[in-house]
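Written below as structure tokens is the structure these notes are about.
The values are calculated or read from the model by the stated rules, or taken from the named source; none is laboratory data. Remember, predicted model here, so these are calculated numbers, not experimental data. Quick reminder, even Gly has a Cβ in these numbers, built from the backbone with ideal geometry, and neighbours come from all protein chains shown. For the accessible areas, the whole protein counts, side chains as well, though only heavy atoms, and no ligand, DNA or RNA atoms are used. Shrake-Rupley method; radii C 1.70, N 1.55, O 1.52, S 1.80 Å.
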Amino acid sequence: MAKTTKNKQPIGIFDSGIGGLTVANAVCRALPNEEIIYFGDTFHLPYGEKSADAIRYYCIKIVKFLLEHNCKMIVIACNSASSAAYHTVLDFYKGETIFVDVVNPLVDAVAAKEYHKVGVIATKATIGTGIYEKKLLAEQSDIEVVSMATPLLVPMIEEGFCNNDISESIIKQYLSNEKFDGIEAMLLACTHYPLIKQNIESFYNGKVNVYDSTDVVTTVVKNKLAKKNLLNDQKENAHRFFVSDFTPSFEETTKIFYDQEIDLEEKKIWA
Ligand code: DGL
């Protein structure tokens, strides 16, 4: 297949806010020729506390915005959104672009290891769907999956409490729950949590394998674009980062999620 101008089109990445920047970061590092259009729905943050219907409605509108920017691929860089709305946007925008979610790549990576017992931590919205249990059990019927909503972690991370005494104590409180006794792997099923992966790994002291979705999602992005011959060979435009509600504190917080300084542009898609 010959290369077309489609290769030059950007990759859209979105999240409820800035957590998906952990995924954007990994994609930018692995695919430096790609241009990213990021959208953080800070107006509705946190999705973790919203209903599945509300999240589906937000996602449909955000995808429309990204399609207006000609995105050749759209990555739903939020577990709450991926679990509630992946199939909705696939159906609604059938054939209009390539979609990547963050749940399936993580499930596939973990299922390949054939563990007996794994833990999942995520927002209330993600845990409420039971998506990780359902998908892991569909892959491996004898796996035991224990899940827990950990709602303090997102605000904690956004306030910059990562890998310090306070985050260590909150993480310990959650992970010491006896339901997690005997797990071989812990899945960080929220795109904010890579920022506290080090804390979580220290808690387990090498006895439990800790997974997040950044690298596995990046691999799926790369493979899907390569398969359709849509990888860009030269980046021409700068990345753009939009939020639906701008505050200087969000811009400040982006520094912990993304390697480089970011200028956030406000796009009031809900006005
Ligand atoms: N980053 C989002 C996720 O992966 C959580 C943030 C939120 O609650 O909006 O689920």
*Which loop GluC sites (Glu not before Pro) in segment 240-271, with loop taken from DSSP, have no more than 16 other Cβ atoms within 10 angstrom of their Cβ?*
Glu261
_Can you tell me the length gained on complete extension of the stretch Lys228 to Ala30, counting 0.36 nm per residue apart and subtracting the Cα distance?_
69.5 nm
*Low-density loop positions, trypsin sites (Lys or Arg not before Pro), segment 227-258 - DSSP coil, at most 15 other Cβ in 10 Å*: Lys228
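Provide the net charge surrounding Pro151, with neighbours chosen by a C-beta distance below 15 Å and charges set as Lys +1, Arg +1, Asp -1, Glu -1. Display every interim value, and only then the final one.
Details: positive: Lys50, Lys124; negative: Glu49, Glu158, Glu159.
Local net charge: -1.
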*Please label the shape of segment 173-271 as rounded, prolate or oblate, based on the square roots a ≥ b ≥ c of the eigenvalues of the alpha-carbon gyration tensor (a/c under 1.5 means rounded; beyond that, a/b larger than b/c means prolate, else oblate).*
oblate
*asked:* Over the chain, with the other protein chains present, what is the accessible area per residue in square angstrom, probe 1.4 angstrom?
replied: 45
*asked:* In whole Å, what are the extents of the chain along the principal axes defined by its C-alpha atoms, from largest to smallest?
replied: 53, 42, 34
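Using the Cα centre of the chain as the reference point, and only Cβ charges (+1 on K/R, -1 on D/E), how large is the resulting charge dipole? Debye, rounded to the nearest 20. All intermediate terms of the calculation are to be shown ahead of the outcome.
Values: 28 positive and 36 negative charges, 198 e Å.
So the dipole magnitude of the chain works out to roughly 960 debye.
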*Note the full-extension length gain between Asn164 and Glu114 as 0.36 nm times their separation in residues minus their Cα-Cα distance, in nm to one decimal.*
14.7 nm
*segment 1-136, dipole about Cα centre (Lys/Arg Cβ +1, Asp/Glu Cβ -1), debye to the nearest 20*: 180
*Quick one: check the C-alpha center-to-center distance for segment 89-135 versus segment 7-82, whole angstrom.*
16
*For segment 134-202, alpha-carbon Rg relative to the globular expectation (2.2 N^0.38 Å, N residues)*: 1.20
*What full-extension length gain, to one decimal in nm, is calculated for Thr5 and Gln260 as 0.36 nm per residue of separation minus the Cα-Cα distance?*
89.0 nm
*For each pair in Lys64/Lys235; Lys134/Lys197; Lys8/Lys124; Lys8/Lys267, compute the distance between the two Cα atoms and list the pairs where it is over 27 Å.*
Lys8/Lys124
*Thinking of segment 183-241 as a set of Cα atoms, what percent of all their pairs are more than 12 Å apart?*
75
_Just want to confirm a number: the relative contact order over segment 159-261, from Cα pairs under 8 angstrom separated by 6+ residues, in percent._
26
*Taking H as built 1.01 Å from N, whose amide H comes closer than 5 Å to the amide H of Thr42, not counting residues under 5 places away?*
Ser244, Asp245
*Hull volume in cubic angstrom per residue (convex hull over the Cα atoms of segment 32-129)*: 127
*Out of segment 160-213, which trypsin sites (Lys or Arg not before Pro) are coil in DSSP terms and have no more than 10 other C-beta atoms within 10 Å?*
Lys207
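When the accessible area of the chain is split by element with a 1.4 Å probe, what percent falls to carbon and sulfur? Before the final figure, lay out the partial values.
Values: 5920 of 12180 Å².
Roughly 49 percent of what the probe reaches on the chain is carbon or sulfur.
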